[in-house]
Amino acid sequence: MNEKMILGENMTTKEKILHAALTLFSERGYDGVGVDELAMHAGVKGPAIYYHFKGKDAILEGIVTIIEDYYDDNFGNPQNITHFPKSAEELIETSFSRIMFTIHDPMIKKARKLIVTEQYRNERLSRLATKHFITGLEGLYKVIFEHMIEAKIIAPYDSGMLAIEFTAPITHMIHRIDREPHNENEQLEIIRKFMEHFVKVYGIS
């Protein structure tokens, strides 16, 4: 993922348009933003939009590609895990770090809001929602738990079921933080307690 798009600095005209569109679409939805407003927010003239994109749909498709690349760069995938937790405590800490990144990274926050609001009108965003809210996380933690079971850190239960049990409540609470940011600290405390409960139940002492 291009660092310029994350920071909003030294961008090309096309990147400025995509950056502005992600911000506006995540705040007001795809249908709530006009091309003229998008151009003004991007700091470009209206014709520049159509020089780089055929229209709003093409801009949205460009944003989806950016989101997919950014998620892959920062969360990886089950086939490319470079480090496995060596203890139940490390599972908690690495997972909590991933959660904090998910909650606070500006690009991820905007992407998540856009995915939630537009997943029913855009097939790629719908697939992205399923991947990054459900199947991607489950697949990632399935592999992690397989490794931890083999290392005798986690009890030998079905790794797929463990992954669902671990990720589903956390995903639910992250979405709640999005809706109720004033309750973030309370929800983070619940998430940590949940993970501690999980390793107490399934960990091998």
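Values computed for the structure shown
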{"quantity": "Filter pass, residue 121 being outside any loop (DSSP other than H, G, I, E, B), over 15 Å from residue 166 (Cα atoms) and more than 11 Å from the chain's Cα centre (by Cα)", "calculated": "no"}
{"quantity": "Qualifying position, being under 22 Å from the mean Cα position of the chain (by Cα), among the aliphatic types (A, V, I, L, M) and not in a helix (DSSP H, G or I), among 81, 59, 92, 67", "calculated": "81"}
{"quantity": "Meets criteria (farther than 15 Å from residue 71 by Cα, free of Cβ contacts under 8 Å to residues at least 12 places away in the same chain and acidic (Asp, Glu)) for residue 158", "calculated": "yes"}
{"quantity": "Selected residue [closer than 14 Å to residue 91 by Cβ and modelled with pLDDT under 95] from 140, 125", "calculated": "140"}
{"quantity": "Residues of the stretch 101-121 satisfying the condition of being without any contact (Cβ under 8 Å) to a residue 60 or more places away in the chain and exposed (fewer than 14 other Cβ atoms within 10 Å of the Cβ)", "calculated": "101, 104, 120"}
{"quantity": "Residue among 63, 49, 108 that alone is more than 30 Å from residue 151 (Cα to Cα), out of contact with any His (no Cβ under 9 Å at 6 or more places or on another chain) and in the same structural domain as residue 135 (by TED's automatic domain parsing)", "calculated": "108"}
{"quantity": "Residue check, residue 174 surrounded by 16 or more Cβ atoms within 10 Å (Cβ to Cβ), farther than 26 Å from residue 63 by Cα and either out of contact with any Leu (no Cβ under 7 Å at 6 or more places or on another chain) or polar (S, T, N, Q) (or both)", "calculated": "no"}
{"quantity": "Flag if residue 22 is under 30 Å from residue 141 (Cβ atoms), buried (at least 19 other Cβ atoms within 10 Å of the Cβ) and out of contact with any strand residue (DSSP E or B) (no Cβ under 7 Å at 6 or more places or on another chain)", "calculated": "yes"}
{"quantity": "Residue that is surrounded by the fewest Cβ atoms within 10 Å (Cβ to Cβ) [pool: residues in the stretch 177-205 that are polar (S, T, N, Q) and in a helix (DSSP H, G or I)]", "calculated": "185"}
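The values are calculated or read from the model by the stated rules, or taken from the named source; none is laboratory data. Keep in mind that this is a model prediction, so the values were computed, not measured. A quick note on method: Cβ atoms are made from the backbone with ideal geometry, for glycine too, and the neighbour counts reach across all protein chains shown.
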